[in-house]
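S.K.: Mind looking over this structure? Questions follow.
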């Protein structure tokens, strides 16, 4: 394998790291602790990998200041995120996976397929722009549509909102949200946002109220209702 091919196909662990940094911080710096928590590994392992990623030109890293992705690191992260979200879409649309199961399955598959496979998958699916959880899918050129959504717990009481996307951090949480119809596109009215314990209470279009603790509220991202949703 040529040197360029090695650069183009990083190890699974390198890919996981750049994707984690992008998901945590985007173009900003991600702390050692945040990455360690996201990947369920030790801070010492993260520190060592940050040094490796800096040597590969994928991050800018200064000890105790976290790591931020370089242009090459961002491109690699978005390449993997595109692949992951297309696989999720395929699994749900074509193979009948539930939306709480596609994330973990896509995590296992994303490092095993090529860019050509990814492009063919996009063509098969009709070039979708969002994955099953509502997250935007990067284009083949690495561009990503802007996302103006914000966490549910930042909404105000009395505000009408629409679920834009849900972060698939926990399969049980996803199953709960699906059961209650709290999925992308759903219109809601915020009834209460409690600062004391972080519970957010919303009312859906059917008049049912849902009290959501911080674990659930922090996974739901919302925006102003679209014209189609009014």
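S.K.: Considering the range 155-176 alone, what residues qualify as being within 23 Å of residue 38 (Cα to Cα), in contact with a strand residue (DSSP E or B) (Cβ under 8 Å, 6 or more places away or on another chain) and either modelled with pLDDT under 95 or assigned to a loop (DSSP other than H, G, I, E, B) (or both)?
M.R.: Within the range 155-176, the subset within 23 Å of residue 38 (Cα to Cα) is 164-176.
This time we only want the ones that are in contact with a strand residue (DSSP E or B) (Cβ under 8 Å, 6 or more places away or on another chain), so: 164-167, 174.
Hits for the range 155-176 are 167, 174.
S.K.: Could you list all residues from the range 107-118 that are at pLDDT 95 or above and under 20 Å from the mean Cα position of the chain (by Cα)?
M.R.: Residue satisfying the conditions is 118 alone.
S.K.: Suppose we filter the range 89-109 for residues that are touching a residue at least 24 places away in the same chain (Cβ under 8 Å), buried (at least 21 other Cβ atoms within 10 Å of the Cβ) and within 23 Å of residue 37 (Cα to Cα); how many remain?
M.R.: Counting residues in the range 89-109 that are touching a residue at least 24 places away in the same chain (Cβ under 8 Å), buried (at least 21 other Cβ atoms within 10 Å of the Cβ) and within 23 Å of residue 37 (Cα to Cα) gives 2.
S.K.: Going through the range 183-230 one residue at a time, which ones are part of a loop (DSSP other than H, G, I, E, B) and closer than 18 Å to residue 149 by Cα? Even if it seems obvious, please write down each step before you answer.
M.R.: Applying the first criterion (part of a loop (DSSP other than H, G, I, E, B)) to the range 183-230 yields 183-186, 194-199, 205-208, 213, 218-219, 224-226, 230.
Passing the criteria: 183, 184, 185, 186, 218, 219, 224, 225, 226, 230.
S.K.: Of the residues 77, 112, 72, which is surrounded by 20 or more Cβ atoms within 10 Å (Cβ to Cβ) and either in a loop (DSSP other than H, G, I, E, B) or touching a residue at least 12 places away in the same chain (Cβ under 8 Å) (or both)? Quick ask: steps written out before the conclusion?
M.R.: Values: 112 fails: surrounded by 20 or more Cβ atoms within 10 Å (Cβ to Cβ); 72 fails: surrounded by 20 or more Cβ atoms within 10 Å (Cβ to Cβ).
So the residue among 77, 112, 72 that is surrounded by 20 or more Cβ atoms within 10 Å (Cβ to Cβ) and either in a loop (DSSP other than H, G, I, E, B) or touching a residue at least 12 places away in the same chain (Cβ under 8 Å) (or both) is 77.
S.K.: With the condition kept exactly as written, say whether any residue in the range 142-157 is more than 25 Å from residue 20 (Cβ to Cβ) and surrounded by fewer than 16 Cβ atoms within 10 Å (Cβ to Cβ).
M.R.: Here is the first cut: in the range 142-157, the ones more than 25 Å from residue 20 (Cβ to Cβ) are 155-157.
Subset that is surrounded by fewer than 16 Cβ atoms within 10 Å (Cβ to Cβ): 156-157.
There is at least one residue in the range 142-157 that is more than 25 Å from residue 20 (Cβ to Cβ) and surrounded by fewer than 16 Cβ atoms within 10 Å (Cβ to Cβ).
S.K.: A further question follows. Restrict the check to the range 24-39 and report whether at least one residue is more than 20 Å from residue 169 (Cβ to Cβ), crowded, with 17+ Cβ neighbours inside 10 Å and under 19 Å from the mean Cα position of the chain (by Cα).
M.R.: There is at least one residue in the range 24-39 that is more than 20 Å from residue 169 (Cβ to Cβ), crowded, with 17+ Cβ neighbours inside 10 Å and under 19 Å from the mean Cα position of the chain (by Cα).
S.K.: Follow-up. Which condition breaks for residue 193 when tested against (1) closer than 30 Å to residue 107 by Cα; (2) in contact with a helix residue (DSSP H, G or I) (Cβ under 7 Å, 6 or more places away or on another chain)?
M.R.: With respect to (1) closer than 30 Å to residue 107 by Cα; (2) in contact with a helix residue (DSSP H, G or I) (Cβ under 7 Å, 6 or more places away or on another chain), residue 193 is out only on (1).
The values are calculated or read from the model by the stated rules, or taken from the named source; none is laboratory data. Just so we're clear, the structure is a prediction, and the values are computed from it rather than from any experiment. Every residue, glycine among them, receives a Cβ derived from its backbone with ideal geometry; neighbour counts consider all protein chains shown.
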